[in-house]
1. Which of the residues spanning segment 317-346 are in a loop (DSSP other than H, G, I, E, B) and surrounded by 18 or more Cβ atoms within 10 Å (Cβ to Cβ)?
2. Looking at 240, 263, 246, 254, can you tell me which residue is within 16 Å of residue 215 (Cβ to Cβ) and of a type in the set (A, V, I, L, M, F, W, C)?
3. Taking segment 301-311 as the region of interest, how many residues are in contact with a Gly (Cβ under 9 Å, 6 or more places away or on another chain), part of a loop (DSSP other than H, G, I, E, B) and crowded, with 18+ Cβ neighbours inside 10 Å?
4. Scan 268, 298, 280, 249 and give me the residue that is within 16 Å of the ligand (Cβ to nearest atom), at positive phi, surrounded by fewer than 19 Cβ atoms within 10 Å (Cβ to Cβ) and in the same structural domain as residue 336 (by TED's automatic domain parsing).
5. Which of the residues spanning segment 214-246 are among the aromatic types (Phe, Trp, Tyr), in a loop (DSSP other than H, G, I, E, B) and open to solvent by 70 Å² or more (accessible area, probe 1.4 Å)?
6. Looking at the structure I just gave you, is residue 287 without any contact (Cβ under 8 Å) to a residue 60 or more places away in the chain and in a strand (DSSP E or B)?
Amino acid sequence: MATTQSRPAESDFHDGNPSLQRSADGFGAEEITSIIPIDEFDRYETAYRAYADSITEPWSPPRRPSIPSPAETTQDILLPEYEFDEDTHHDPFDVDGAEYDDYVYVPAASPARPRRGGRHRLAAPPSGLKGGRAALIAMAAGAAVAAATGQFTAHQTEDKASDQPARAAVVPDTGPGVVAGTPSKDLRNFADQLAAGEALAKDNAAKDAASRRPFYVSPVALGAYDFTSCYCGRWGSFHAGIDMAAPLGTPIHAATDGVVVEAGPASGFGNWIQVKAPDGTITVYGHMFSDGVNVSKGQHVTAGDVIGHVGSDGQSTGPHCHFEVWKNGVTKIDPAPWLAQHGVVLAGYTG
Ligand SMILES: [Zn+2]
């Protein structure tokens, strides 16, 4: 930093400032090498900017496909002004001197939409606007979301059955976040659209949460069970699964997505549940009591769903979940490495 060419003259430091002159311990201004000339800050700033601009999106974990992230749906809402023009813009100031505070709200249920008479008449805002600007924006958002996803069309179809005039049924796809130009000039159904938008947002949030769920889950949560029997020879016979000992009623989770192919009584198992994954693998859960079977045959489940509760029915010496994995739906394989292979940590074997 102590470059000689850009360095201010020493006299610049202590001209008229006695405190900057040589101090008692003998150091002078030219020895303070940490002083960075102002013009060098620009260089650092430029370098930092280049670095900062080079950083793109932060890393995020893999997601299940098919569901756009919230950032991909919409951020900006564009709503044409003529969406709001029906009553408010035709004759907003039909008498000189009309003021904004001289209107009365009209209940949404009122079909005639009577206006208050009198000289100082200003078109009432649509009844849906009772909440003011915030409500307007919220409704705009709801309408935009609905329009962008096709729900707008459904609404219009429904409206045809009511006393509303029929409108164009086809809504052009203007892209996410942009309301189509033609659909509704009648603001009475904006509340409906808002509800539709809210429902859609809720649905999307649920889908988004679902998209983050893992593909493989421990049948009994890690920490909630003891790994008491391996896939190995035991008592003169072969034990074709693993035993996860846990208190009665401990939730049992589907290890994979899939369809329930068996749910009910089975010899030796007390009751069992079989879930067939899309790749053909069948996972088997056993020893539940009959009231500990939460699913039924044909039901679709997602990995992690609670499908039953730990019992001790059948050939069982204590409460546990007997878990098997049948490769291709046929061959019983060791569940421990299968779970590990799919990222599921197994508790230490306690025997
Ligand atoms: Zn077992």
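The values are calculated or read from the model by the stated rules, or taken from the named source; none is laboratory data. From a predicted model like this one, the values you see are computed outputs, not experimental measurements. When we count neighbours, we look across all protein chains shown, and the Cβ atoms used for this are built from the backbone with ideal geometry, even at glycine. Heads up: the accessible areas ignore ligands, DNA and RNA and are worked out on the full protein's heavy atoms, side chains in. Shrake-Rupley method; radii C 1.70, N 1.55, O 1.52, S 1.80 Å.
1. 319, 344
2. After applying the criteria, what remains is 254.
3. Total satisfying the criteria: 2.
4. The match here is 268.
5. Within segment 214-246, 215, 235 meet the criteria.
6. It is true that residue 287 is without any contact (Cβ under 8 Å) to a residue 60 or more places away in the chain and in a strand (DSSP E or B).
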